[in-house]
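One structure is given here, and the rest of the page talks about it.
The values are calculated or read from the model by the stated rules, or taken from the named source; none is laboratory data. Only a predicted model underlies this, so the values are computations on that prediction, with no experimental measurement involved. We place every Cβ from the backbone using ideal geometry, glycine too, and count neighbours over all the protein chains shown.
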Amino acid sequence: MAELAAVVGIGQTKYQTQRSDVSIAGLVREAAMNALNDAALFWDDIDAVILGKAPDMFEGVVMPELYLTDALGCNGKPMIRVHTAGSVGGSTAIVAASHVQSGVFKRVLTVTFEKQSESNAMWALSNPQPFSPHLNAGAGGYFAPIIREYIRRSNAPSDAGIKVAVKDRIHALKNPLAHLQLPDISAEMVEASPMLWDPLRFLESCPSSDGACAMVIAHEDLVNQSPGKPAWIQGAAMRSEPTMYAGREQVSPHAGRDCAKDVYAQAGITDPRKDFDCAEVYVPFSWYEPMWLENLGFAEPGKGWELTMSGATSLDEGGDIPWNCSGGVLSSNAIGASGMIRFAEAARQVRGSAEDHQVEGAKKALGHAYGGGAQFYAMWVVGAEKH
Amino acid sequence: MQDVAIVSFVQSDCVRHAGAQNEVELIMPVVQAALKEAGLSSVQDVDFTCSGSCDYQQGAAFAFVAGVDALGAVPPIKESHVEMDAAWALYESWLKIQMGQAESALIYGFGKSSPGQLSNVLSLQLDPYYLAPLGVDTISLAAMQARSLLESGEVSEADLAEVVVNSRANAKNNPHAQLSGDFTVEQLLAEPETVSPLRKHDCCPISDGAAAMIICTVDKAKAMDKPYALIKGIDHRIETHHVTLRDLSRSPSVEIAAEKAGVHDAPVDVAEIYAPFSHQEIIVKRALGLDNSVAINPSGGVLAGHLFMASGLSRVGEVAKRIIAGEYKRGVAHATSGPCLQQNMITVLEGM
């Protein structure tokens with residue numbers, strides 16, 4: 001049976017368009033050092049390093065774990081590199097947790113990053129693939145038609161996306177690490193921003209960020225060696241489905257529903273809206289909040305936008321189930337790290353260390369990541385208690 | 001740790017150019033064959049799937065995404081991917097079994113190196129600020145390592161040629177090998193050096209292909225009523241990236257991994273070593289503490305065919321196959337990643 005593990009240290013960098021003051025190694029080391037400091041530990045206390053990031057083409061470094069071993073104090077230790085598309089930040093946390101839950105390791109460091117300013121993500125995502133028609137669309141162009149289908153099915157009002165875009169940027173104002181700090185954000189401002197991929201406007205899309213996120217995950221036996229409250233890992237799950245198959249449901253993907261069902265069963269969640277105090281969910285484009293509210297069972301099919309519009313997901317409006325109190329992917333998107341930031345922010349909430357964007361008394365939180373063309377999912381449930 | 005059983009392993013032929021075959025077409029035959037060999041009908045019959053591949057080989061971001069289309073992952077599956085040799089996908093799967101979250105797993109690795117110049121592509125593995133701009137390719141780095149080994153005075157050029165002679169001879173019995181035949185040390189030493197002190201035959205060929213494996217708990221393997229080999233120990237370690245800070249004639253990471261995996265706990269009679277360059281076989285063999293009684297690379301090793309991103313998994317599979325066949329009792333499989341053997345994994349296998 002699996003051993004109990006908990007997050008005992010979290011470290012992030014400031015997210016911004018370009019971190020020209022640090023190398024890639026400097027960036028990951030900054031997050032790793034912050035996590036070690038948070039856990040009151042040193043490099044020698046770490047048994048293994050689990051690194052994750054999205055495609056190597058984002059920086060132009062092949063298998064950068066080889067180069068980053070020195071910066072991450074890993075020489076002579078095990079180093080593993082996870083890559084599961086945009087869900088990688090979440091998957092990496094789950095692979096790291098399995099190092100401890102398996103009983104093989106006592107304490108591991110996990111780090112994810114993207115230094116998108118080194119390259120051009122749009123190019124790296126859209127370069128021609130051998131034997132495939134060239135789709136020069138980027139992520140927004142890929143998801144826009146799926147969003148339009150959601151709007152058609154659910155009869156959602158056209159401003160539901162705008163509501164999310166404003167809400168997450170208001171949340172970001174309470175998180176000094178968030179990339180976008182837009183104190184004047186308003187529905188009018190979002191609506192007036194250029195339409196990029198109908199119905200997605202510029203301000204309904206995530207930024208492109210440099211940044212890194214790290215966590216220290218420890219076995220139950222060692223949790224007390226770190227001063228902060230632990231975030232107990234109560235459940236973790238991954239699911240993948242193919243890119244192309246007959247009858248694939250792209251608006252509310254089967255893999256997402258199954259992954260949620262799995263992780264809820266592990267953590268004893270029966271009514272996600274009631275049982276969770278908050279959630280950090282991968283919403284890179286505004287409309288994915290109502291879509292994921294339904295996919296993850298927080299709302300009935302077709303009703304996700306109603307929850308969004310009611311303010312239920314807003315910390316600022318005192319909603320009962322705040323989503324993305326950190327500002328979410330819409331406010332900071334260092335792609336390879338984005339999933340782990342969700343997982344780490346969920347952990348911060350149940351540790352009571354989320355500072356200005358803390359949900360008061362949060363005991364249970366969901367961390368969620370997805371990737372590719374929404375084929376890949378990683379989720380975890382963390383709690384203030386062991387079970 | 002509980003023992004984990006390897007119940008099937010299948011590898012494609014190593015070919016220089018797989019032509020117009022895409023990832024799905026490379027992966028599907030080996031996955032189907034591995035499932036069949038284990039008596040399973042589809043990917044839905046295993047609890048976890050994990051793969052290893054490298055985007056840069058094909059020059060396409062997310063090369064592994066298409067790989068999932070080869071599996072029949074409907075309904076969706078529990079699946080993960082490492083941007084590493086599939087030997088590390090085996091490691092991730094082994095952890096899942098240890099933690100009780102899976103009783104069985106499918107592991108596969110694939111690589112299509114033919115679209116690019118592999119030795120140049122891999123120079124992008126180097127530190128992007130201080131090393132990559134120098135444009136040193138993989139072969140040149142390996143040649144520096146070979147030179148440092150030769151200059152230690154303990155190994156001669158004839159020893160390097162001997163490695164190749166054995167590889168080519170062993171590969172005659174491996175239907176998937178790309179290079180095989182009968183050669184003598186004298187013949188090989190008469191060949192010109194390409195990047196001194198390496199000759200062309202000291203370097204692995206470049207191959208396209210894939211490999212797949214099924215592992216499971218011992219209970220499950222018994223229930224399958226199929227012969228199997230056991231993973232008794234597995235460990236991997238990495239060293240500093242800066243080649244100038246390393247004694248390239250040694251491999252401390254292999255030494256640590258061998259110790260942790262329990263190589264020395266009992267005698268070893270077979271080893272498959274992932275040595276893309278002849279001199280690296282000598283370095284790894286010495287770091288493993290193996291003497292000349294141990295059969296090294298009975299498959300011919302990667303000098304006979306190099307499925308980049310699957311070769312590490314293949315080493316484990318080649319040892320497992322031979323243990324299952326009763327040819328050997330206790331074996332070691334080695335996998336490597338990075339320039340000059342920077343990162344290494346050691347797996348110890350025994351019979352049922």
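Tabulated data
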quantity: Candidate set: the range B:82-120, residues that are touching a residue at least 12 places away in the same chain (Cβ under 8 Å), assigned to a loop (DSSP other than H, G, I, E, B) and more than 8 Å from every other protein chain (Cβ to nearest Cβ); chosen: the one surrounded by the fewest Cβ atoms within 10 Å (Cβ to Cβ); calculated: B:GLY116
quantity: Residue in the range A:47-54 that is assigned to a loop (DSSP other than H, G, I, E, B) and closer than 19 Å to A:VAL8 by Cβ present; calculated: yes
quantity: Failed item in (1) touching a Phe, Trp or Tyr at 6+ places or on another chain (Cβ under 9 Å); (2) assigned to a loop (DSSP other than H, G, I, E, B); (3) touching a residue at least 40 places away in the same chain (Cβ under 8 Å), with A:MET63 passing the rest; calculated: (3)
quantity: The range B:318-352 - residue that is assigned to a loop (DSSP other than H, G, I, E, B) and at negative phi and, of those, surrounded by the fewest Cβ atoms within 10 Å (Cβ to Cβ); calculated: B:ALA325
quantity: Selection status of B:GLY72, farther than 30 Å from B:SER140 by Cβ, facing chain A (nearest Cβ under 10 Å) and surrounded by fewer than 24 Cβ atoms within 10 Å (Cβ to Cβ); calculated: yes
quantity: Failed condition for A:ILE24, given (1) within 14 Å of chain B (Cβ to nearest Cβ); (2) closer than 30 Å to A:ALA267 by Cβ; calculated: (2)
quantity: Helices (runs of 4 or more DSSP H) lying entirely in the range A:119-219 (those with 1 or more residues that are within 14 Å of chain B (Cβ to nearest Cβ)); calculated: A:121-126, A:138-154
quantity: Residues located in the range A:73-102, provided they are of a type in the set (Gly, Ala, Ser), more than 7 Å from chain B (Cβ to nearest Cβ) and part of a helix (DSSP H, G or I); calculated: A:GLY89, A:GLY90, A:ALA93, A:ALA96, A:ALA97
quantity: Identity of the residue in the range A:323-376, within 14 Å of chain B (Cβ to nearest Cβ) and under 11 Å from the mean Cα position of the chain (by Cα), that ends up surrounded by the most Cβ atoms within 10 Å (Cβ to Cβ); calculated: A:GLY339
quantity: Among the residues listed as B:ALA221, B:ALA229, B:ALA211, B:ALA190, the single one being among the small types (Gly, Ala, Ser) and surrounded by fewer than 19 Cβ atoms within 10 Å (Cβ to Cβ); calculated: B:ALA190
quantity: Residue match in the range B:4-25 (condition: within 13 Å of chain A (Cβ to nearest Cβ), among the β-branched types (Val, Ile, Thr) and part of a helix (DSSP H, G or I)); calculated: yes
quantity: Criterion violated by A:ASP70 - all others in (1) crowded, with 22+ Cβ neighbours inside 10 Å; (2) at the interface with chain B (Cβ under 9 Å from one of its Cβ atoms); (3) under 16 Å from B:THR240 (Cα atoms) satisfied; calculated: (1)
quantity: Qualifying residues in the range B:30-58 (those that are without any contact (Cβ under 8 Å) to a residue 60 or more places away in the chain and under 23 Å from the mean Cα position of the chain (by Cα)) - the one farthest from the other protein chains (Cβ to nearest Cβ); calculated: B:LYS36
quantity: Selection count where residues are part of a helix (DSSP H, G or I) and either away from chain B (no Cβ under 14 Å) or surrounded by fewer than 18 Cβ atoms within 10 Å (Cβ to Cβ) (or both), scope the range A:227-261; calculated: 1
quantity: Subset tally (residues that are more than 19 Å from B:VAL294 (Cα to Cα) and in contact with a helix residue (DSSP H, G or I) (Cβ under 8 Å, 6 or more places away or on another chain)) for the range B:142-168; calculated: 9
quantity: Candidates B:ARG315, B:ARG237 - the one that is modelled with pLDDT of 95 or more, touching a strand residue (DSSP E or B) at 6+ places or on another chain (Cβ under 9 Å) and part of a strand (DSSP E or B); calculated: B:ARG237
quantity: Which listed residue is away from every other protein chain (no Cβ under 14 Å) and outside any helix (DSSP H, G or I), from B:ALA223, B:ALA212; calculated: B:ALA212
quantity: Count - residues of the range A:104-121 that are at pLDDT 95 or above and surrounded by fewer than 24 Cβ atoms within 10 Å (Cβ to Cβ); calculated: 3
quantity: Test: residue in the range A:170-187 that is among the basic types (Lys, Arg), surrounded by fewer than 23 Cβ atoms within 10 Å (Cβ to Cβ), closer than 13 Å to A:PRO284 by Cα and modelled with pLDDT of 95 or more; calculated: no
quantity: Filter result (charged (D, E, K, R) and farther than 14 Å from B:ASP45 by Cα) within the range B:209-226; calculated: B:ASP219, B:LYS222, B:ASP225, B:LYS226
quantity: Failed item in (1) surrounded by fewer than 24 Cβ atoms within 10 Å (Cβ to Cβ); (2) more than 18 Å from A:SER209 (Cα to Cα); (3) more than 7 Å from chain B (Cβ to nearest Cβ), with A:VAL49 passing the rest; calculated: (1)
quantity: Filter pass, A:THR112 being of a type in the set (S, T, N, Q), in contact with a Gly (Cβ under 9 Å, 6 or more places away or on another chain) and away from chain B (no Cβ under 14 Å); calculated: no
quantity: Any hit, the range A:266-286, residues being over 17 Å from A:GLY373 (Cα atoms) and polar (S, T, N, Q); calculated: yes
quantity: Options B:SER148, B:SER140, B:SER123; residue that is away from every other protein chain (no Cβ under 11 Å), surrounded by fewer than 23 Cβ atoms within 10 Å (Cβ to Cβ), free of Cβ contacts under 8 Å to residues at least 60 places away in the same chain and of a type in the set (S, T, N, Q); calculated: B:SER140
quantity: Residue in the range A:104-113 that is closer than 29 Å to B:MET1 by Cβ, assigned to a helix (DSSP H, G or I) and without any contact (Cβ under 8 Å) to a residue 24 or more places away in the chain present; calculated: no
quantity: Out of B:VAL302, B:VAL284, sole residue that is outside any loop (DSSP other than H, G, I, E, B), of a type in the set (Val, Ile, Thr) and touching a Cys at 6+ places or on another chain (Cβ under 6 Å); calculated: B:VAL302
